[in-house]
Amino acid sequence: MSAETDTPFFSRRTLLWVLLITLSYTAIWLFEYAQTPLGMSPALDNQQTLLLAQQIAKGALPQESFHRAPFYPFLLSLFLKMGLSFEVLPSMARILNACALLICTSTICVASMRLWKSTAAGWLSGLLIGLNPVVLFFAADPFDILPATACLCLALHRSLDWLKQPTLRGTLLIGAYLAIGAALRSHLLPLAIIWPIACLFIHASKKCSYAACAAAPLVLSCLLLGVANYKVANEFRVLPWQGAYNLWAGNGPQASGKIYTQQIRIEFENQYDNPAKLESIKLYELETGNHAPHSISDMNAHWKSKAFAHILQHPVDWIGLMTRKAYFFLNNYEQYDNKTYNLHKNIHWPLRWNPIHWGAILLIAVGGTLVGLQRTDLKSHAFIAMILVFALYAAGTIWFYTPNRFRVPMIPILCLLSGGILSLKAIWLTSQKKWKLVFLSCALLTCTITYSNWFNVSDKSTWEEDYALLANASMRTNQDNATIHWAGKALAMNPTREDMQDTLTQAHFNKWALSETPKALTQNETTELLDIAKHYNSNNPNIQTIIGIYYWKLGDASPALKKWEAHSHAYPFARACLYWTGHSATPTAEELSLYQGDKAFNLLEAAIIAKTAPTHSFVKQTLNNIFAPSISIETP
């Protein structure tokens, strides 16, 4: 951001107050979220981002080209290389995202004051983005969208000067901001590509020099990614390769127009990976008969061919799909993206009562734009440029999916345009009826699009995934009551969901068996827990082992031993049960090696060590309590 001095249209005090308010609210929200299960144990895309950062830091990347833009994980990996532990990486991501939010807020606040020649406009635009609950929502997790949005804000701020007086330095800086943004988030790639093309038409003289300056940062960014891919996978690939399958998934007959929906269930053999990537490989194998190793170019060609063939064969259906996508993009409802914002906003008090929302900002921005185009003291090219950027970005986004995270980069543009609404009264009093009619018509159309509920836009079926996500995160962070609560919510929406059935049973077991103060169960309590576990008829070895423990506690050894023996050859938890109850010898080193890699392997090892440990050993007390007979309480 260029140096600023106090003028009638810029106030340092305004900027500092806006930043202070933003920082205070952001700190409260991030501190609150950090205490939640998902704050402590990120999932889905966030988990993949953290794992990729860890792989980069350790130099342990898989030998394949980057599927997604790797720059954000690379930035996070620097914290690990500095010696910080993996456990604090989510907090470092929050700090990085908070800095990005402050950049967005400061650039839009200053740009609004200069564009609208009003410090009040700076207050409005700055706080609309600084206190925006959707932006804050994504700041709390390891998402790349906020740093990418910050780069776009820097480019917007610089472009205001450039439109007044183009310079080669300004051209290069704008290109650099867009290139870095595209390296963080591929959705900004079309803007980075269009920028040097636009310079050929905007600047009459020296247009080749301007276009070269605009293109140089993007070319360098692509070359660096190509070198990185060559180093990792021996393949010079200048762009991530996720786009081709997303093109098919977002435009094929299965596309909903909202979010990516898996067609097949993906099992993770070792650690979490991108399900869309794994699905694209699996479906490619099923459709072509080819088997690994695969050529990424061949796979991408396959999905592109399918996508364009389907579009050409069903043009009317595709136009309808694109129309729905455009509607979803503009509608106020925040579409699902890893999490459903509308559900989580009600869960977290820092967001719950915040009235700022997409529909209101879009409506105010439309009004501000019309005011700006009507004001004779302002040049219209800045407004036209922002409208074009919004339209181009929206077009690139709806080509794939329309989850709410993808439209976050457009929020700063809307906030910047919103500053003009403060001049509405003055413009209204001096304008003709024709302009007033246009203004009211645009406002009515905007309200209709953004606040209507066509095409089932506010579908809440995604809440099931949110409940499951919360249940699993609660399980990972040892919050048994929360796990039971959220798993119950998921099962209320889908009683046949097996993973939540198992999670609920496991949480009930953990609550009494693994607590810091082991609880002795009565026969009635044990029977109730057994009924819960048996109700869902799970074939999960872990659940079958737990059922066996309940039988054992009730004095019914035969079914308990039968269940443990059925799974002991492959499952260390079942083997630990047999060993602790005296129905299995101590496992040999060779037998133990067969269990390595299983998450319950440490439990078996702990049982072996605790068997000969002193009585006061916590592990020994815990295991003794788990297998102790239930207490018989006689009724008076």
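The values are calculated or read from the model by the stated rules, or taken from the named source; none is laboratory data. Please read these numbers as outputs of a predicted model, since none were measured by experiment. Glycine gets a Cβ as well: all are built from the backbone with ideal geometry, and neighbour counts include every protein chain shown. Accessible surface areas use protein heavy atoms only, side chains included; no ligands, DNA or RNA. Shrake-Rupley method; radii C 1.70, N 1.55, O 1.52, S 1.80 Å.
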Largest-first principal axis extents of the Cα set of region 73-120 (Å) | 47, 15, 13
With all protein chains present and a 1.4 Å probe, the order of TRP116, TRP435 from largest accessible area down is TRP435, TRP116
Just need the Rg to Rh number for region 564-636, please, alpha carbons only, Kirkwood Rh.
-> 1.06
Tally Lys and Arg at +1 and Asp and Glu at -1 over the other residues with C-beta under 15 Å from the C-beta of ALA57: what net charge comes out?
-> +1
What is region 263-343 by shape, rounded, prolate or oblate, if you read a ≥ b ≥ c off the alpha carbon gyration tensor as root eigenvalues and call it rounded for a/c under 1.5, prolate for a/b larger than b/c, and oblate otherwise?
-> oblate
Rg/Rg_ref, region 181-331, where Rg_ref = 2.2 N^0.38 Å and atoms are Cα | 1.26
Crossing angle, helix 557-567 versus the chain [Cα axis fit, 0-90 degrees, rounded to tens] | 50 degrees
Mind putting a number on the dipole of the chain about its Cα centre? Charges go on the C-beta only, +1 for Lys and Arg and -1 for Asp and Glu, and I need it in Debye to the nearest 20.
-> 2780 debye
Say R0 is 25 Å: what FRET efficiency, to the nearest 0.05, do THR448 and ILE197 get from their beta-carbon distance?
-> 0.15
Judged on accessible area alone, 1.4 Å probe, highest first, PHE31, PHE308, PHE601 line up as PHE31, PHE308, PHE601
Cα centroid distance between region 101-157 and region 30-47, in Å?
-> 23 Å
Taking a ≥ b ≥ c as the square roots of the eigenvalues of the Cα gyration tensor of region 106-252, is the shape rounded (a/c under 1.5), prolate (a/b larger than b/c) or oblate?
-> oblate
Calculate, axis by axis, the spread of Cα positions in region 374-469 along the three principal axes, and write the results as whole Å, longest axis first.
-> 56, 24, 22
Under the helix-only model (-39500 (n - 2.57) for each DSSP H run of 4 or more, divided by the residues of the chain), the mean residue ellipticity at 222 nm, to 500 deg cm²/dmol, is -21500 deg cm²/dmol
Which of THR462, THR376, THR107 is most accessible, then next, and so on - probe 1.4 Å = THR376, THR462, THR107
Of the heavy-atom accessible surface of the chain (probe 1.4 angstrom), what whole percent is carbon and sulfur?
-> 62 percent
Solvent-accessible area of LEU189 with every protein chain in place, 1.4 Å probe, in Å² to the nearest 10 = 40 Å²
Just for the Cα atoms in region 313-427, what are the lengths along the principal axes, largest first, rounded to whole Å?
-> 47, 46, 18
Return the ratio Rg/(2.2 N^0.38 Å) for region 419-508, where Rg is computed over Cα atoms only.
-> 2.00
If exposed means GluC sites (Glu not before Pro) lying in a DSSP loop and surrounded by at most 10 other beta carbons within 10 Å, then the longest stretch of the chain lacking such sites spans residues 1-266
Taking the chain as the reference, fit the longest principal axis to its C-alpha atoms, fit the long axis of helix 189-202 to the helix C-alpha atoms, and give the angle between the two in degrees, 0 to 90, nearest 10.
-> 10 degrees
Gyration tensor (alpha-carbon) shape descriptor, the chain, a/c threshold 1.5 = prolate
Run the 1.4 Å probe and let me know the accessible area of LEU52, rounded to the nearest 10 Å².
-> 40 Å²
Acute angle (nearest 10 degrees) that the helix 358-374 long axis makes with the longest principal axis of the chain, alpha-carbon atoms = 10 degrees
Any chance you could look up the accessible area of MET475 with a 1.4 Å probe, heavy atoms only, rounded to 10 Å²?
-> 40 Å²
